[in-house]
Amino acid sequence: MTDQPDLFDRSLLRARRARALKSSKSGSDFLLQAIAEDLEDRLHLVNRQFSIAVDLGGHTGLISQAIRNTGKAERLVRADLFVADHHMSPPDLVCDDGLLPLRDQSVDLVISALSLQFVNDLPGALIQVRRSLRPDGLFLAALPGAGTLAELRDSLTRAELELKGGAAARVLPFADTRDLGSLLQRAGFALPVTDLDTLTVRYDSMFGLMADLRAMGATSILRDRSRLPLSRKVLFRAAELYAQNHADADGRIRATFAFVTLSGWAPHESQQKPLRPGAAKTRLADALGTREQKLK
């Protein structure tokens with residue numbers, strides 16, 4: 001765990017997600033739907049069964065359903081930050097993603113979608129997940145990566161600088177693929193893999209994008225955010241800049257969502273391990289069919 005000040009206001013996240021579920025704007029869960037389908041496909045490719053699986057932070061139930069669809073888990077536990085909307089049964093565990101109430105080596109599969117980006121101590125959370133997994137247990141997660149909402153950040157920043165002479169942080173910071181891969185290694189996962197997928201969504205205007213973000217409960221929860229709402233003047237100028245700089249030929253604007261998928265295994269003696277340096281039995285020159293040149 002770190003002693004750094006909290007970056008995110010977790011109580012605000014809880015409130016905004018609860019409000020988003022109550023409003024239930026039709027189609028606003030399209031990002032989570034896409035992620036759930038991708039994680040389901042990835043899990044289908046894993047040739048094994050899991051005794052106990054955990055849906056970590058799956059407040060809508062989409063990830064739990066994806067796990068059930070694969071038939072890979074004998075028992076499923078849904079762990080969430082708060083009791084979700086009244087259309088769903090309560091989660092099995094009400095907990096914070098960053099403070100897992102799971103015993104060491106107690107579960108076999110942990111899947112998290114679009115949740116860990118809001119954790120204040122992500123390295124610590126990953127260590128807790130790894131410790132909760134039994135040997136050869138699997139961790140799968142997806143979270144927004146660097147480049148997500150870059151157009152919105154650019155437009156809001158330019159508008160504030162132009163009209164107010166300064167700009168506050170309005171869009172969350174997102175980690176890049178390489179940094180997240182390093183965190184998996186530091187947390188002790190074996191066979192860590194990260195990959196990046198980019199989804200471009202088009203809107204009639206910036207205000208349609210912002211409405212979807214509110215409906216997802218995904219607006220800024222930075223603890224040091226500005227408490228002053230943006231004025232109409234700044235918002236309309238940002239919308240103009242967005243249309244000028246990030247629109248297609250038909251006038252519709254683009255919004256980029258970059259998703260990093262993480263996978264790692266709890267170490268087990270049966271897993272493949274890299275050879276020790278110098279243990280190779282075949283020369284590289286022979287494998288490439290070339291002549292070895294010695295340095296003078």
Phi angles of the stretch 103-119, converted by Karplus (6.51 cos²θ - 1.76 cosθ + 1.60, θ = phi - 60°) into ³J(HN,Hα) in whole Hz with x for Gly and Pro, give 5, 4, 6, 10, 9, 10, 8, 10, 10, 9, 10, 6, 9, 5, 5, 9, 7
Per the stretch 163-252, sqrt(5λ) over the Cα gyration tensor eigenvalues, sorted largest first, in Å, gives 32, 19, 12
Determine by what factor the alpha-carbon radius of gyration of the stretch 196-248 differs from 2.2 N^0.38 Å, reporting the quotient. 1.30
Solvent exposure ordering (accessible area, 1.4 Å, most first) of ASP96, ASP108: ASP96, ASP108
Once ASN245 and LEU196 are pulled to full extension, the length gained, defined as 0.36 nm per residue separation minus their Cα-Cα distance, is 15.2 nm
Sequence order, the stretch 12-18: Karplus ³J(HN,Hα) from phi using 6.51 cos²θ - 1.76 cosθ + 1.60, θ = phi - 60°, Hz rounded, Gly and Pro as x, gives 5, 4, 4, 5, 6, 5, 4
Given the C-alpha atoms of the stretch 72-210, compute the convex hull and give its volume per residue in Å³. 166
In Å and on Cα atoms, what radius of gyration and Dmax does the stretch 155-202 show? 17.1, 50
Okay, which of the stretch 102-132 sit inside 13 Å, backbone N to the point 7 Å along the Cα-Cβ direction of ARG223? 119-122
Give me the net charge for the shell around THR198: Cβ to Cβ below 14 angstrom, other residues only, Lys and Arg +1, Asp and Glu -1. -3
Label zone at ALA146, where the point sits 7 Å out along the Cα-to-Cβ direction: the stretch 186-211 residues whose backbone N lies under 14 Å: 196
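The values are calculated or read from the model by the stated rules, or taken from the named source; none is laboratory data. Fair warning: this is a prediction, and the values are worked out from it, not measured in the lab. Glycine also receives a Cβ, built like all others from the backbone with ideal geometry; neighbour counts cover every protein chain displayed. The protein model used for the area step is the full one, side chains on, heavy atoms only, and it has no ligands, DNA or RNA in it. Shrake-Rupley method; radii C 1.70, N 1.55, O 1.52, S 1.80 Å.
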